[in-house]
1. Among the residues in the stretch 91-98, are any among the basic types (Lys, Arg) and closer than 21 Å to Asp4 by Cβ?
2. Considering each residue of the stretch 331-358, count those that are basic (Lys, Arg) and within 24 Å of the chain's Cα centre (by Cα), and give that number.
3. Of the residues in the stretch 200-253, how many are modelled with pLDDT of 80 or more, farther than 27 Å from Asp131 by Cα and among the small types (Gly, Ala, Ser)?
4. If a residue must be farther than 22 Å from Tyr356 by Cβ and more than 19 Å from the chain's Cα centre (by Cα), how many such residues does the stretch 284-330 contain?
5. Quick one: which of Ser192, Ser152 is among the polar types (S, T, N, Q) and not in a helix (DSSP H, G or I)?
6. For residues that are more than 18 Å from Asp78 (Cα to Cα) and surrounded by 14 or more Cβ atoms within 10 Å (Cβ to Cβ), scanning just the stretch 180-196, find the one that is modelled with the lowest pLDDT.
7. Return yes or no: is Arg249 outside any helix (DSSP H, G or I), closer than 23 Å to Pro222 by Cβ and charged (D, E, K, R)?
8. Between a first residue in the stretch 161-180 that is over 23 Å from Gly234 (Cβ atoms) and a second residue that is of a type in the set (Val, Ile, Thr), which pairs have beta carbons less than 9 Å apart while being 6 or more apart in sequence or on different chains?
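The values are calculated or read from the model by the stated rules, or taken from the named source; none is laboratory data. Just so it is clear, the model here is predicted, and its values are computed rather than measured. Neighbour counts run over all protein chains shown; Cβ positions are idealised from the backbone, glycine included.
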Amino acid sequence: MFLDNMESIRDLNLIDEINDSSNLKLIKYRLKLLFWNKNLEISDEDNEKEFLEFSREYQNLLSICSTGDIEIFSEKIDYLTLILAANSKNHNIYIKKLAEEYAEKIPLENEDSRVNIWDFIDVAANSRNNDLHLERMILEGDIVLLNQKRQSIYNFEKIRLKIKNYVDKVRNAQMPREIKDLLLKKAEEAFSEIKIDYNIESGIRVSTKEYSGEIPEDWHPPCMREILNDILSGGSPSHYARRSFVVYRFVSQFDPNLRPIEEGTLTNKSAQDIATEDQIERFLDEIINIFKSVGDFDVEKTKYYISHNIGYKVANHITHCEYCKNWRDDGGKGLGYYCRPDSTCSRKDIIHPLDYLCQNINRHVKKSE
């Protein structure tokens, strides 16, 4: 994996490399391979042939453009691809796709594989994947035994976390504005011909008497941004985190002032009390499209759970998005991992994720007056 061989690319002149037209062409090829879309009008066999033929084209192009060791050159292209992907709106699904690609290459052991318990805990604790809870594992002393299904999950999560760590570092790197603008421009160009089958948009449209329009990403509380990032990168948030995420996104669009408990009483409102059936159905489609990237995705089950969460057809009231105090001290519900408080979170009047959103909406309205 190219991330294991960073020495070979440590001294690259990033600007020159990104501006090199042959490099950009190779990056586009690399992304097309990673996000390969099947042609539904031909057979699986013919699709496989097309993919292999395009792979050969990519390898030939690498050999033509390389001036030295082709393996090192290939790793350089992978690295440059990561840089641009990290600076694109597709960064999360890139993480998922690349992790899948590498994980598929790891052979699974016929017998149970043996993983050191601390190595396992390091991956499991950070992945938040329900299928890697230690209490579900078979242990032999300080060794965790993994059957083939769990080997596959463990391999994917281990690689996903590694890639995500690098992508996050790139996204958070401090750099001059002109360089950032260049990376954004080149990233957009690199992805211009790539068809993404997942909903990678984080924007929510709100229409209330206070504000109407799309909510910028940084108006949402850190916890909701973190859950969205985790889902889109192939993570598997706990059911409690998913429920809070779904309810937050639903209520934020149609009644951001609604809270699960008002004056000490559980709010007893259904989805149709705050939205029309058409709006609810569109919301279901949007959320299902987001959850497609989760490992345990199932359309019908997902639709059922979402409908239950928002009080639509299979339930008669909206459940709730947890209050902030329950994120900080989650009692093992898997919420604390996503709680990354910022200065707005520390305000005394911010006690619920929707308070954070309302605070930003009100701040914008006041500035506009």
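1. Checking the stretch 91-98: at least one residue is among the basic types (Lys, Arg) and closer than 21 Å to Asp4 by Cβ.
2. Residues meeting the conditions: 2.
3. Of the residues in the stretch 200-253, 1 are modelled with pLDDT of 80 or more, farther than 27 Å from Asp131 by Cα and among the small types (Gly, Ala, Ser).
4. The total comes to 14.
5. After ruling out the rest, the residue left standing is Ser192.
6. Ile196
7. no
8. Ile179/Ile15
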